[in-house]
């Protein structure tokens, strides 16, 4: 089963994803996709690790290129998040590449290996602000990936002001 949870910043999507993952009775993986880049990244990662401690999650730091071997079978996994994974794939040093195929391949790999996959993403592109081309391309890529994930997912939930709104399927908790 695949559950996609999207929403704006600090809207409760990660808390809902963790609640769903916590209810799984077997092995629980937390896939952290944030690459430590830029000022304050290490502090954010440390804060996230502290927030997850004691919850029974096993953290996998997978910034890009998921491999089947990274995922044990018969487990549940939460991927945090599509925006980071997209940026990691799109901005690969000196080059910029289209991340869609890479991200979708990785999601499908994770879904094939796990019993339950909970994906956290961001609602982007709704502000109507013109951005520089590279940023606009990044926002379009996340939107394209979100649309493909919504079609692939059994459940699609949007979090708004801490309220989960079911767009497809159910809230599996």
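Structure data summary
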{"quantity": "Flag if residue 162 is out of contact with any strand residue (DSSP E or B) (no Cβ under 8 Å at 6 or more places or on another chain), touching a residue at least 12 places away in the same chain (Cβ under 8 Å) and exposed (fewer than 13 other Cβ atoms within 10 Å of the Cβ)", "calculated": "yes"}
{"quantity": "Filter result for the condition that a residue is part of a helix (DSSP H, G or I) and over 20 Å from residue 60 (Cβ atoms), over 150, 111", "calculated": "150"}
{"quantity": "Failed item in (1) buried (at least 16 other Cβ atoms within 10 Å of the Cβ); (2) touching a helix residue (DSSP H, G or I) at 6+ places or on another chain (Cβ under 6 Å), with residue 27 passing the rest", "calculated": "(2)"}
{"quantity": "Residues (part of a loop (DSSP other than H, G, I, E, B) and within 17 Å of residue 104 (Cα to Cα)) located in the stretch 37-91", "calculated": "62, 63, 64, 65, 66, 67, 71, 81"}
{"quantity": "Scan of the stretch 1-36 for residues that are within 13 Å of residue 80 (Cα to Cα) and part of a strand (DSSP E or B), ordered by number", "calculated": "3, 4, 5, 6, 7, 29, 30, 31, 32"}
{"quantity": "Enumeration of residues in the stretch 120-138 that are at pLDDT below 95 and either assigned to a helix (DSSP H, G or I) or under 13 Å from the mean Cα position of the chain (by Cα) (or both)", "calculated": "122, 123, 133, 134, 135, 136, 137, 138"}
{"quantity": "Matching entry among 55, 10 (being in contact with a helix residue (DSSP H, G or I) (Cβ under 7 Å, 6 or more places away or on another chain), surrounded by fewer than 16 Cβ atoms within 10 Å (Cβ to Cβ) and within 26 Å of residue 161 (Cα to Cα))", "calculated": "55"}
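The values are calculated or read from the model by the stated rules, or taken from the named source; none is laboratory data. This structure is a prediction, so every number in the text was calculated from the model and none was measured. Because the Cβ atoms are built from the backbone with ideal geometry, glycine has one as well, and the counts that use them run over all protein chains shown.
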